[in-house]
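Notes follow once the structure below has been shown.
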Amino acid sequence: MTLWNIVTTMSSPGVVNWLGDFGVRYFETQAPADLEYDPQLVVVAEWRDMGALWDDHVDNAVTEAMLEKADRGLRLSYDWYLLAPARLVKGYSVILNKFGKVGPIPEGMSTPVALKSMRL
């Protein structure tokens with residue numbers, strides 16, 4: 001389904017590096033510049049929860065600050081000593097997946113990526 005005719009490329013070095021750390025290899029997507037003002041969309045409902053809106057505001061501010069540092073070279077990392085225990089957790093997740101269950105580390109996610117995600 002094509003919602004927008006314009007292909008957007010993520011070009012911020014920090015975003016590209018971080019997404020690359022999570023395994024993303026293609027940085028083209030279809031996205032509007034601003035959902036609120038896109039003439040192709042109409043608001044059909046609005047949900048308002050002041051606590052959730054505040055939490056979202058804080059999360060966005062923290063993420064923006066982190067991405068500014070990422071643009072200056074900050075890379076995602078993890079503590080090396082967590083790798084061995086995380087590999088045990090990954091093994092447990094693989095066993096659960098074999099029985100149709102979901103483990104703490106998603107299927108297809110490597111242990112280093114899971115640790116970087118946890119750190120982020």
Let me know the whole percent of all Cα-Cα pairs from the stretch 33-120 that are separated by more than 22 Å.
56 percent
By how many nm would the segment from Asp59 to Arg87 grow when fully extended, if each residue of separation counts as 0.36 nm and the alpha-carbon distance is taken off?
7.2 nm
Among Ala84, Ala70, Ala45, determine the one that fluctuates most according to a GNM of the chain built with springs between C-alpha atoms less than 10 Å apart.
Ala45
Kindly identify the stretch 7-71 as rounded, prolate or oblate by the Cα gyration tensor criterion: order the square roots of the eigenvalues as a ≥ b ≥ c, call it rounded if a/c is under 1.5, otherwise compare a/b with b/c, prolate if a/b is larger, else oblate.
oblate
Can you give the extra length, in nm with one decimal, that the chain gains between Arg75 and Ser11 once fully stretched, where that is 0.36 nm per residue apart less the Cα-Cα distance?
21.4 nm
Shape box of the stretch 80-119 [Cα atoms, principal axes, largest first, Å]
30, 16, 11
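Since every read-out is calculated from the coordinates, none of them should be taken as a lab result. On a predicted model such as this, the values are computed, not experimentally measured, just so you know.
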